Amino acid sequence: MTEAAPPTPATEALAVSGLDHQITRHGPVRSLAEAAAARGVDPGDIIKTMVVRRGADDYLFVLVPGDRAISWPKLRALLGVNRLSMPDAATAKEVTGYERGTITPFGAHHPWPVIADEHIRGHLVSIGGGAHGVAATVDGAALTEHLRAQVADVTEPA
C-alpha cells in the first residue's frame, strides 16, 4: 500500500471549494515544458500565480498563462496606479504562506484580490497546488468565477 502525499493548504481549500478539479502530483521539473508534460497540458495552460505589491500591506494575485508575461503598463492602467512591484521571495512567502513556484490563491494566508488574464478562460488550465509538484487542473472560466477574479487583458507573449 502506497501512502498518499500529504495535503497542502491549497489542496485542502480546493477539496472544500465545490470547484470541479483534479489534483496532479509529479516529481521535480526544470522548465515550463517539463511541467506541462508532467501535468498533461499545453505550456500555455499552466497558470503562474504572481504576487504583485500595490502599496504597504496591499497585494494582489495575478494569474498569468505559462506562455505569457505580465504587461506592466496594462496592469498599471487597469488598476489606475503608477507603480507596482514584485515582493522579494521572503515577503511573498510571508504574505501568501507559499514559497515562490508554489504560490496559489487557494489556501493562501490572506484572500488578496485576483486578476486573471483573459487568456485563461475557455479551456482546462493547471494552477499550482501549494507545493512543488502539486497542481490542480480546472476549467479556466470556473476558476476565475470561483476566485471572483477580475478578468482582463494584462499580459503579453513571453
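Details
- Cβ-based charge dipole, the range 9-157, positive-most Cα from Gly122, Gly80, Ser17: Gly80
- The calculated FRET efficiency for Val81 paired with Ala141, based on their beta-carbon distance and R0 = 30 Å, is about 0.65.
- The charge dipole of the range 9-157, taken about its Cα centre with unit charges on the Cβ atoms of Lys, Arg (+1), Asp and Glu (-1) only, comes to about 300 debye.
- In the elastic network of the chain, a GNM with C-alpha springs shorter than 10 Å, the most mobile of Gly133, Gly97, Gly122 is Gly122.
- Top of Ala35, Ala56, Ala142 by mean-square fluctuation, Gaussian network on the chain, Cα under 10 Å: Ala56
- Rough spin-label spacing in nm, given labels placed 7 Å along Cα→Cβ, for Arg25 and Asp58: 4.1 nm
- Here the sum of -39500 (n - 2.57) over DSSP H runs of 4 or more residues, divided by the residues of the chain, equals -6500 deg cm²/dmol at 222 nm, to the nearest 500.
- Distance histogram for the range 9-157 (every C-alpha pair counted, 10 angstrom bins, percent rounded to whole numbers): 12, 45, 37, 6, 0
- Rounded to 5, the percent of DSSP beta bridges in the range 9-157 classed as antiparallel: 75 percent
- Sequence-distant contacts, meaning Cα pairs under 8 Å at least 6 residues apart, place the relative contact order of the chain at 30 percent.
- 16 Å cut-off, amide nitrogen to a point 7 angstrom out along Ala158 Cα→Cβ, residues in the range 45-70: 45-51, 62-70
- Calculated SAXS-style log₁₀ I(q)/I(0) at q = 0.15, 0.16, 0.22 Å⁻¹ - the range 1-80, Debye, Cα scatterers: -0.78, -0.86, -1.18
- His109-Lys74 pseudo-label distance in nm [points 7 Å out on the Cα-to-Cβ vector]: 3.0 nm
We did not get these values from a lab; they are worked out from the coordinates using the rules stated. All values derive from a computational prediction rather than experimental measurement. When we count neighbours, we look across all protein chains shown, and the Cβ atoms used for this are built from the backbone with ideal geometry, even at glycine.
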